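The values are calculated or read from the model by the stated rules, or taken from the named source; none is laboratory data. This one's a predicted model, so the numbers in the text were calculated from it and none came from an experiment. Please note: Cβ atoms are built from the backbone with ideal geometry, for glycine as well, and neighbour counts cover all protein chains shown.
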Amino acid sequence: MNEKPVSKVLVLDNSQEHAQRIKEFCEQNDLVPLKVRKDSVMSVLKTNIDLGAILYSENYGDTPAETARIATEIHALRPELPIIIRRQKQPTLAGLPDELQHAC
């Protein structure tokens, strides 16, 4: 039996443009993507204790403030989970709200 270890990741990214690439990334890295609605994020985090990370878009919320708030809530609830943020134009955390930089 040749079983590779896999890890579940919560995908918080609404971009249809990047959906295929995220799927390919997960397949290449033995990740099981879990995509949930924004209003279900906290309940999923409370019930899925075996998550390995959060893949998070800088545009996940309707506003930058909402995006930062959600990331802060995730970090407060599950501080052990890395939040990996996908940026549109910049490869660093520079320019993100402070709350979001501290959560990611």
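Some values worked out for this structure:
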| quantity | calculated |
| --- | --- |
| Qualifying residue in the stretch 15-23 (condition: surrounded by 11 or more Cβ atoms within 10 Å (Cβ to Cβ) and acidic (Asp, Glu)) | no |
| Filter result for ARG37 (within 19 Å of ASN14 (Cβ to Cβ), at pLDDT below 90 and exposed (fewer than 15 other Cβ atoms within 10 Å of the Cβ)) | yes |
| Residue list for the stretch 58-82, restricted to those being more than 21 Å from PRO5 (Cβ to Cβ), out of contact with any Asp or Glu (no Cβ under 8 Å at 6 or more places or on another chain), without any contact (Cβ under 8 Å) to a residue 40 or more places away in the chain and charged (D, E, K, R) | ASP62, GLU66, GLU73 |
| Close pairs from the stretch 42-57: first at negative phi and of a type in the set (D, E, K, R), partner at pLDDT 90 or above and crowded, with 17+ Cβ neighbours inside 10 Å, Cβ under 9 Å, at least 6 apart | LYS46/ARG78 |
| Residue ID - farthest from LEU31 (Cα to Cα), chosen from residues in the stretch 49-90 that are in contact with a Leu (Cβ under 7 Å, 6 or more places away or on another chain) and of a type in the set (S, T, N, Q) | THR67 |
